[in-house]
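Taking it in order: structure first as structure tokens, then the write-up.
The values are calculated or read from the model by the stated rules, or taken from the named source; none is laboratory data. Nothing here was measured: the structure is a model prediction, and the numbers come from that model. Because the Cβ atoms are built from the backbone with ideal geometry, glycine has one as well, and the counts that use them run over all protein chains shown. Accessible surface is based on the protein model in full, side chains and every heavy atom, while ligands, DNA and RNA are left aside. Shrake-Rupley method; radii C 1.70, N 1.55, O 1.52, S 1.80 Å.
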Amino acid sequence: MARKFGLISLLLIYIFSIKAKGQDNKFYSVPIHALQLSDDDGSNTVPISAEQVQRWIDTANVVYKDARIRFEFDGKLHPMSNTIINNVTGDDNPKWVWLTNELNGIAAREHKIVVVFRSKGGGGFSWWTYDYIVMPGFNKTNLCKTGMDLSLFAHELGHYLGLPHTFEITALTEKALSDSLVKHKNNLSIFDGDKDYVDDTGPDPFVNELQCDTKVSQAKIGKDTYTILRDNPMSYWRHDRAKIFTKGQIKRIRYVLQERISKNILSVGVIEK
């Protein structure tokens with residue numbers, strides 16, 4: 001009887017420990033390690049300042065407040081001369097494996113989110129399977145020809161913390177979207193880019209010709225109209241205010257963050273609130 005009671009007690013402790021882990025509500029302080037790239041000979045330095053990095057982080061901190069995460073930057077831009085990394089645009093680079101090992105190594109040493117500011121390209125990229133984020137110069141994004149994109153860093157942080165895009169298909173026009181839906185036998189899931197990871201975003205029919213018109217909140221597909229996720233950080237829609245994550249997205253963000261902490265990839269602090 002005592003043995004049985006002991007096993008039951010251990011089982012209950014295990015169950016409650018899992019539940020407690022899943023309900024972790026700590027407000028985390030996550031450090032950023034910023035690298036300012038140039039080519040091997042010191043030329044082609046990416047145009048970025050510590051103040052501009054901080055502006056991107058300030059915007060991200062507004063977006064991630066509901067996820068109870070704050071990103072901290074020490075104001076230091078660490079110079080790094082590397083022509084390959086300074087000109088990378090994605091995983092089509094023949095040196096991708098080398099590049100990833102190099103940057104993952106820096107992240108392992110620093111235990112911070114490594115953010116690489118490189119000269120080539122006007123976009124950023126990241127994913128939860130590697131330990132760094134690549135960003136352009138501050139004034140190279142120029143979203144919708146109205147100026148730089150303050151939401152870009154928050155978007156790339158989302159990829160780093162486990163979130164895909166909200167959309168699956170990009171189309172130039174609403175007609176092109178309608179044609180895609182007919183081709184896929186009216187299966188709306190073709191417009192849901194994060195369906196395998198998040199259960200509360202739904203389809204996000206992205207239309208390039210509507211991207212910059214912030215007055216547009218719906219896309220027409222055939223005879224029906226669908227709400228677009230203009231205010232979601234993982235969409236491509238222009239939005240003039242801070243974007244907002246869904247509860248499902250926040251759940252995944254917290255899960256992936258805790259995974260990175262448990263694997264000693266990140267050394268975080270806890271903010272007393």
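Would you work out if the range 105-164 is rounded, prolate or oblate? Take a ≥ b ≥ c from the square roots of the eigenvalues of the alpha-carbon gyration tensor; rounded if a/c is under 1.5, else prolate when a/b is larger than b/c, oblate otherwise. Prolate. Rolling a 1.4 Å probe over the heavy atoms of the protein chains gives the range 78-217 an accessible area of 46 Å² per residue.
Size check on the range 54-113: the Cα extents along the three principal axes, sorted descending, read 39, 24, 21 Å. Using a Gaussian network model of the chain in which every pair of alpha carbons under 10 angstrom is joined by a spring, one finds that among Ser29, Ser43, Ser178 the greatest mean-square fluctuation is at Ser43. The alpha-carbon of Lys175 sits under 19 angstrom from the alpha-carbons of these lysines, leaving out residues fewer than 8 places away in its chain: Lys183, Lys185, Lys220, Lys223. Inter-label distance, Val97 to Ser49: 4.2 nm, where each label sits 7 Å from its Cα along the C-beta direction. The alpha-carbon of Lys195 sits under 16 angstrom from the alpha-carbons of these lysines, leaving out residues fewer than 8 places away in its chain: Lys247, Lys251.
Peptides 221-234, 131-144 ranked from most to least packed, by the mean per-residue count of other Cβ atoms within 10 Å: 131-144, 221-234.
So for the chain, averaging the separation of alpha carbon pairs under 8 Å that are six or more residues apart and normalising by length, what relative contact order in percent results? Present the calculation step by step, with values, prior to reporting the outcome.
Working: 495 pairs, mean separation 52.8, N = 273.
Contact order relative to length: 19 percent.
Taking the protein heavy atoms of the chain in the context of the full set of protein chains, the accessible area attributed to carbon and sulfur is 52 percent at 1.4 Å.
Proximity of backbone amide H atoms, modeled 1.01 Å from N, is registered between Gln218 and Ile228 at under 5 Å, excluding neighbours fewer than 5 places apart on the same chain.
With a 10 Å cut-off between alpha carbons and a GNM built on the chain, which of Ile85, Ile57, Ile106 moves the most? With Cα springs under 10 Å in the chain, the top fluctuation among Ile85, Ile57, Ile106 is at Ile106. For the pair Thr89 and Lys26, label points projected 7 Å from Cα toward Cβ lie 4.1 nm apart.
Taking every DSSP beta bridge that has both residues in the chain, what percent is antiparallel when rounded to the nearest 5? Please list the in-between numbers first.
Working: 9 of 30 bridges.
Taking every DSSP beta bridge with both residues in the chain, the antiparallel ones total about 30 percent.
Bridgeable lysines around Lys215 (alpha carbons under 17 Å apart, same-chain partners fewer than 8 residues away excluded): Lys145, Lys243. Each residue, Lys145 and Ile261, gets one label point 7 Å from its Cα in the Cβ direction; the gap between the two is 4.6 nm. The HN-Hα couplings worked out from phi for the range 119-135 by the Karplus form 6.51 cos²θ - 1.76 cosθ + 1.60 (θ = phi - 60°) are 7, 7, x, x, x, x, 7, 6, 6, 7, 8, 9, 10, 8, 10, 10, 10 Hz, whole numbers, x standing for Gly and Pro. Counting only heavy atoms of the protein chains and using a 1.4 Å probe, Tyr236 has close to 100 Å² of accessible surface. Close amide-amide hydrogen proximity is noted between Glu72 and Val30, Ile32, each under 5 Å apart and 5 or more residues distant or on a separate chain (H modeled in the peptide plane; Pro and chain starts excluded). The range 171-233 and the range 63-120 have their alpha-carbon centroids 31 Å apart. Dipole orientation for the range 91-188: of the candidates Ser178, Ala108, Ile133, Ser178 has the Cα lying most toward the positive pole (charges on Cβ; Lys, Arg +1; Asp, Glu -1).
Among the helices of the chain, those built from whole DSSP H runs whose Cα atoms reach 15 Å or more along their own axis and whose mean Kyte-Doolittle hydropathy is at least -0.5 are 2-22, 50-63, 96-110.
Where a ≥ b ≥ c are the square roots of the eigenvalues of the C-alpha gyration tensor, would you call the range 136-243 rounded, which needs a/c under 1.5, or, failing that, prolate if a/b is larger than b/c, or oblate? Intermediate values should be presented prior to the final figure.
Working: a/c = 2.16, a/b = 1.41, b/c = 1.53.
The shape class here is oblate.
Overall, the anisotropy analysis places the chain in the oblate class: the square-rooted eigenvalues a ≥ b ≥ c of its C-alpha gyration tensor yield a/c not less than 1.5, with a/b not exceeding b/c.
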